[in-house]
């Protein structure tokens with residue numbers, strides 16, 4: 001598994017705390033499943049925080065079901081790890097390519113309800129274009145810039161690797 005490090009300009013050179021999360025790449029009929037915040041107009045790959053005692057596969061299955069209402073199965077192990085370093089914090093992001101196996105009820109957090117989170121399907125090329133414009137947010141929304149850069153890096157690495165295999 002490939003590991004990519006992203007170090008923010010504000011990284012202190014050491015980290016005291018870390019948090020791990022798992023994200024899904026789900027493509028069906030040329031479209032990718034995303035979580036979309038209607039209030040903030042923000043896109044993201046579905047996923048979230050790894051809970052104590054939970055495997056990466058269990059986390060991504062749970063998070064996708066909660067956010068999108070789709071039951072998924074990873075098609076293989078973790079496809080990519082991206083480690084991000086900001087200030088004195090390390091974020092570990094694990095990416096899984098998944099396929100849909102069923103549906104269930106949404107189970108959104110209060111924050112996800114407040115931002116109007118909903119599942120949306122977009123053409124793969126369109127979402128790569130949205131994430132490729134990460135630098136457009138540098139002056140106004142550093143968190144979005146960093147997230148879009150991370151997602152763009154993940155998608156180009158994983159989808160590029162899949163193209164080479166076919």
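Every number here is computed from the coordinates shown, using simple stated rules; none is lab data. As the structure is a computational prediction, the values presented were derived from the model and not from experiment. Don't worry about glycine lacking a Cβ; one is built from the backbone with ideal geometry, like all the others, and counts go over all protein chains shown.
Listing for the model above:
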{"item": "FRET E, pair residue 88, residue 156, Förster distance 35 Å, beta-carbon r, rounded to 0.05", "result": "0.75"}
{"item": "Gyration tensor (alpha-carbon) shape descriptor, region 62-117, a/c threshold 1.5", "result": "oblate"}
{"item": "Listed residues 151, 87, 99, most fluctuating in the chain (Gaussian network, C-alpha, under 10 Å)", "result": "87"}
{"item": "For region 1-71 versus region 74-134, the gap between their alpha-carbon centres in whole angstrom", "result": "4"}
{"item": "Helical contribution to [θ] at 222 nm, DSSP H n ≥ 4, -39,500 (n - 2.57), averaged over the chain, rounded to 500", "result": "-9500 deg cm²/dmol"}
{"item": "Option label - mean projected area of the Cα convex hull in nm² computed here, alternatives (1) 10.1; (2) 9.1; (3) 11.0", "result": "(1)"}
{"item": "Per-pair calculated FRET efficiency, R0 = 25 Å: residue 41 and residue 113 via Cβ, rounded to 0.05", "result": "0.90"}
{"item": "Fewest-first ranking of 35, 76, using other Cβ atoms within 10 Å as the exposure measure", "result": "76, 35"}
{"item": "The chain, relative contact order [Cα under 8 Å, separation at least 6], %", "result": "28"}
